[in-house]
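**Q** Please find one structure pasted underneath; my questions will follow.
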Amino acid sequence: MLSYQHGYHAGNRADVLKHSVLHAILEQRSRNPKPLLYIESHAARGQYDLTDRQATKTNEAKLGVLAFPGAQASPPALQPWLRHLKDKLPHNYPGSPRLAVDVLNQQSRFVFFEKHPTEFKALKANLGDDDRILIKKEDGYNGALRLQPRRGEDMIMLLDPSYETASDMEALADWTPRALRKWPKAKILIWLPLFADHREEELGAFLSELDTGFVAGSGWDRTPDDPSALTGSAMIGLRFGGADSRKAFAIAAQLDAYWAQ
């Protein structure tokens, strides 16, 4: 949907799970000297000012990343990500594209897709000066399927669509099996919102059964001052191994305990 702009939701509780799990996985991968192709289907603008007009209109970040007192006093599994945020908040909160570029090593290359004209322009301004990065203003599903890892190159792809309509879920359900067939060795990460009416349950069950990996979810009790329509979120990792799974599970479990305080 071209109406969606993530700046209204940047740094919220769903972002905390998504970005802390992504950071844990990519930090581990950065120690591997083998080249990596990293792709995002819905990149948005890459980084955010949590004091700007969009962010302060909803103030979702106050219940999310800005609710943490600091790395040392926060859940242990989240501390590496929170240390990465030191000196960046609140004006330079890294979305997933910026996080990936900052964490992965120089052997990595990046392809980011974003259709929204305003978000695309901001993404180019935020990340367009790095020659490892290709930013494309087109549909991420179709565009990604035209790509192929180079010989000797691993691949990780993150899918984070808006989920504003039922067709968003249908598109993801249609695309993911095709992608797994096209890239038999690629690893795929999918962020999934958890709604109060459980509309995502069938999709989540379908996606999680497509290949080996993990499903790590974290939920919270909504309060009257919570502007989000979500009661939690999950990360689905297809073809990820035991170490990555354990990190994702630890983050989700510790977030559950933290949100319940």
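**Q** Would region 88-95 turn up any residue that is buried (at least 21 other Cβ atoms within 10 Å of the Cβ), at pLDDT 95 or above, within 20 Å of Glu27 (Cα to Cα) and of a type in the set (S, T, N, Q)?
**A** no
**Q** Taking the residues in region 96-114 that are of a type in the set (D, E, K, R) and buried (at least 20 other Cβ atoms within 10 Å of the Cβ) as candidates, determine which candidate is nearest to Met155 (Cα to Cα).
**A** Arg98
**Q** If the requirement is being at negative phi and in a loop (DSSP other than H, G, I, E, B), which of these qualifies: Leu50, Leu78, Leu99, Leu22?
**A** Leu50
**Q** Pick from Tyr48, Tyr141: which is aromatic (Phe, Trp, Tyr), within 18 Å of the chain's Cα centre (by Cα) and farther than 25 Å from Arg181 by Cα?
**A** Just one listed residue meets the conditions, Tyr48.
**Q** I would also like to ask the following. Out of Ala196, Ala171, Ala229, Ala234, I need the residue that is over 24 Å from Arg45 (Cα atoms) and small (Gly, Ala, Ser). Which one? Can you show your working first?
**A** On the way: Ala171 fails: over 24 Å from Arg45 (Cα atoms); Ala229 fails: over 24 Å from Arg45 (Cα atoms); Ala234 fails: over 24 Å from Arg45 (Cα atoms).
Of Ala196, Ala171, Ala229, Ala234, the one residue that is over 24 Å from Arg45 (Cα atoms) and small (Gly, Ala, Ser) is Ala196.
The values are calculated or read from the model by the stated rules, or taken from the named source; none is laboratory data. As the structure is a prediction and not an experimental result, all values here were calculated from the model. Heads up, the Cβs are rebuilt from the backbone with ideal geometry, glycines too, and the neighbour counts pull from every protein chain shown.
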